[in-house]
Amino acid sequence: AVLEQLAPGSMEAARKMPASAESNCHTYFVRSECGRILRNFLDFFPKENLLPVFTEELRKSPETVLDLICAFLGVATGHRPGNLGKSYHVGGSRERFPKLVSGLRRLRPVRAAWKLLPRRRRRAIWTWFFTQLNVVREAPTALSPEIRRKLVGTFQEDVRSLEATFGCWVPWQDFQLEQRFPRRPESVSKTD
């Protein structure tokens, strides 16, 4: 499935698909094109109002990233919430109840009760079910060298665009062929 989505023409076709639950499995990679997606924000906001931050940075140094964001917003740094560094929505590759949703959809009373719920509540339940309850937590599996090369080749242009547009360094090893932009500071000075 991965190689199919990365085949010539597949990414362009996926970019044209309307956002929907059905298209999610076909648009996974185009939703990962950070450079392309963030460039669209420049139609509405000046570049100085955008701060790209990477999950890898947050995972490695949550305090530094929080201070960076606070400094960017012009508020005091040094705040440390109790859950700083905690990971939410940790994924897995298997469903705990793979046939539950299709089975429930066949039950007319369940469908009727579901439609009675407000849309926001349904969305919250759906998200919780698919990101928390129905996920068997597993360590990520290693990519094959073939898929890794294909992914790097596919995203190379987008990563370069992200770096050039925002003058930032991406923390992804596969894209660090040369140092084009300075790394983020290890610590951010406190502002008052």
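When the alpha carbon coordinates of the chain are projected onto the principal axes, the ranges are 58, 45, 36 Å, largest first.
How many percent of the accessible area of region 1-74 is carbon or sulfur, using a 1.4 Å probe? Each step should come with its number before you reach the end.
Values: 2920 of 4900 Å².
Roughly 60 percent of what the probe reaches on region 1-74 is carbon or sulfur.
Across 91, 167, 78, mean-square fluctuation computed from a Gaussian network of the chain (C-alpha pairs under 10 Å connected) peaks at 91.
Compute the convex hull volume of the Cα atoms of region 1-102, divide it by the residue count, and report the result per residue in Å³ as a whole number. Before the final figure, lay out each step's value.
Working: hull volume 17.6 nm³, N = 102.
Once divided by residue count, the hull of region 1-102 is 172 Å³.
Using heavy atoms of the protein chains and a probe of 1.4 Å, the accessible area assigned to residue 79 is about 110 Å². A DSSP coil position with no more than 10 other Cβ atoms inside 10 Å describes the following chymotrypsin sites (Phe, Trp or Tyr not before Pro) in region 37-79: 44. Close amide H contacts of residue 135 (hydrogens built in the peptide plane, cut-off under 5 Å, sequence separation of 5 or more or a different chain): 96. Expressed as a fraction of 2.2 N^0.38 Å, the C-alpha radius of gyration for region 33-76 is 1.29.
Summing Cβ point charges (Lys, Arg +1; Asp, Glu -1) relative to the Cα centre of the chain gives a dipole of roughly 1440 debye.
The calculated 222 nm mean residue ellipticity attributable to helices in the chain amounts to -12500 deg cm²/dmol, summing -39500 (n - 2.57) over DSSP H runs of n ≥ 4 and dividing by all residues. The mean sequence distance of close C-alpha pairs (under 8 Å, at least 6 residues apart), as a share of the length of region 50-117, puts its relative contact order at 19 percent. For region 1-72, the per residue solvent-accessible surface stands at 66 Å², with DNA, RNA and ligands left out and a 1.4 Å probe.
Based on the Cα atoms of region 70-119, what semi-axes does the equivalent ellipsoid have, where each is the square root of 5 times one gyration tensor eigenvalue, given in whole Å with the largest first? Write out the running numbers ahead of the final one.
Details: eigenvalues 345, 66, 14 Å².
That gives 42, 18, 8 Å for the three semi-axes.
The three principal axes of the C-alpha atoms in region 82-154 carry coordinate ranges of 49, 37, 23 Å, sorted with the longest axis first.
Do you know the relative contact order of the chain, to the nearest whole percent, from alpha carbon pairs under 8 angstrom that are 6+ apart? Intermediate results must be reported in sequence, preceding the final value.
On the way: 147 pairs, mean separation 59.8, N = 192.
Once normalised by length, the contact order is 31 percent.
The values are calculated or read from the model by the stated rules, or taken from the named source; none is laboratory data. Keep in mind that what you see is a predicted model, and the values were worked out from it rather than measured. Every residue, glycine among them, receives a Cβ derived from its backbone with ideal geometry; neighbour counts consider all protein chains shown. Remember, those area values only see protein heavy atoms, side chains included, never the ligands or the DNA or RNA. Shrake-Rupley method; radii C 1.70, N 1.55, O 1.52, S 1.80 Å.
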